[in-house]
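Every read-out reported here was derived from the displayed coordinates using simple, explicitly stated rules and does not represent laboratory data. Owing to the predicted nature of the structure, the values given are computational and were not obtained by experimental measurement. Virtual Cβ from ideal backbone geometry, glycine too; neighbours counted across all protein chains shown.
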Amino acid sequence: MDFTLSDEHNDLRAMVREFANDRIAPHAQQWDADHHFPTDVVREMGDLGLFGITADEAWGGAGADFISLCITIEEIARVDQSMAITLEAGVGLGINPIHEFGSSEQKAEWLPDLVAGKTLAGFGLTEANAGSDAKATATRAVLDGDEWVINGSKAFITNSGTEMTSLVTITARTGPDEISTILVPSDTEGFTVEPAYRKMGWRASDTHALTFKDARVPADNLLGERGRGLHQFLSTLDDGRVAIAAMAVGVLQACLDESVSYANERFAFGRPIGSNQAIAFKCADMEVMTHAARLLTYKAAWLKDSGQPFKQEAAIAKLYATESAVSATRDATQIFGGAGFMDETLVARHYRDAKVLEIGEGTSEIQRIVISRGLGLPLR
């Protein structure tokens, strides 16, 4: 058993870390304050090839393994979760469904620009009454001649309303007991992107509600087989859970680094606060959580890269890493004391941002259901 990353992985980490430190970290606080989506920097991420890391070379990608994507997301999340989720969703929810289930014509039309980071795609799954209960999807698509007519709405959709967004892939009920996946270009008549949400965290990422009123798209925009939408998005979410776990690892590492630095620099009662067990033990616990979360995440990614089942490991990594990240941001804020309550500190931003890690791409409760069923328990 060898836990050593390859030279290629280490070179990738160094490259992404340099980019994150130089182009994202100095501006992330202002983007957050302004709820600003930095299109220019997202395009730079595309120029570096970050959106195409795992895509086939035929579409302009690097064809690298999933661990490479996890390393990339981890390094960006270390300085800014908003840009990390922009990349994670751009790859996992934008590119991957088309990459995995699209026809050759659909791939040729959409993938080159998505893989190059010239455009973005969203994935419309969540609705007001269909989140964890994805089978409750109410959006409908009716075949009328050679077109799908779509009516309904979606909620909390990432990368759906930027000037870079070219399409949104949505789930829709195409029959009484049938859910399918359909590609909806951004300029489709009857498709409305609602105003951006005002969010507690991830403020520099793009998130909108979507409305469809007799929106018509060609019948050929069906993604994969009709009625296989549930299977497709569950497969997509397995990948996404590992990627979200990688985001959480980046948050854990940032909180650990910031806390150790502050504990050595901040003096109280004539000595560094890190000399107190109450502070030192919090840092020690963060170190343990960071190591464990990274190992769980990389193990799940390795299983995927090896072609082995990884649903259980994806749920375990997502559950542990995200809940650990929320705990670490709370403890880091406590270590910083009053300074941690100020928006100017990285830990304060991570504290606000981290909560949604326990919600997006399957809540902690859903992960526990997946894990319980994986154990063979007759859970309803």
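Structure notes:
- The range 13-60 versus the range 88-132: alpha-carbon centroid distance in Å: 18 Å
- For the listed peptides 3-13, 176-186, 86-96, a ranking on the average number of other beta carbons within 10 Å per residue, highest first, reads 86-96, 176-186, 3-13.
- Helix 66-79 and the long axis of the chain differ in direction by around 60°, with both axes built from C-alpha atoms.
- Zone of LYS199's modelled label, taken as backbone nitrogen in the range 26-51 under 18 Å from a point 7 Å along Cα→Cβ: 27-43
- Straight-distance crosslink candidates among aspartates and glutamates, where the alpha carbon sits under 13 Å from LYS107 and sequence neighbours closer than 8 are dropped: ASP56, GLU57, ASP220
- Computed [θ] at 222 nm, deg cm²/dmol, the chain (DSSP H ≥ 4; -39,500 (n - 2.57); rounded to nearest 500): -16000 deg cm²/dmol
- Estimated inter-spin distance, THR211 and PHE281, nm [label 7 Å along Cα→Cβ]: 5.5 nm
- Computed from the C-beta positions of LEU230 and THR39 and an R0 of 45 Å, the FRET efficiency is 0.85 to the nearest 0.05.
- C-alpha center-to-center spacing [the range 266-294, the range 320-380] in angstrom: 19 Å
- Under 18 Å from the Cα of LYS299 - lysines, other chains or at least 8 residues apart: LYS311, LYS318
- Three-way shape call for the range 112-212 based on the alpha-carbon gyration tensor, with the a/c threshold at 1.5: oblate
- Cα gyration tensor category, rounded, prolate or oblate, for the range 7-120 with a/c compared to 1.5: oblate
- C-alpha long axis of helix 7-19 to longest principal axis of the chain, angle in °: 80 degrees
- The simple spin-label model puts a point 7 Å past each Cα toward its Cβ; for THR363 and SER104 those points are separated by 4.5 nm.
- For the chain, the longest principal axis of the Cα atoms and the long axis of helix 364-374 meet at an angle of about 70 degrees.
- FRET efficiency for MET15 and ASP305, using Cβ-Cβ distance with R0 set to 22 Å, rounded to 0.05: 0.65
- All other residues whose Cβ lies under 13 angstrom from that of PHE191 are scored, Lys and Arg at +1 and Asp and Glu at -1, for a net of -1.
- Approximate spin-label separation ALA58-LEU143, in nm, with each point projected 7 Å along Cα-to-Cβ: 2.6 nm
- Packing-based ranking, highest mean first, of 35-47, 203-215, 104-116 given that Cβ atoms within 10 Å are counted: 203-215, 104-116, 35-47
- Net charge dipole size for the chain [Lys, Arg +1 and Asp, Glu -1 on Cβ; Debye, nearest 20]: 1400 debye
- If R0 equals 45 Å, the separation of the Cβ atoms of HIS27 and ASP220 corresponds to a calculated FRET efficiency of about 0.65.
- Fluctuation leader among ALA28, ALA219, ALA248 - the chain, Gaussian network, Cα springs under 10 angstrom: ALA219
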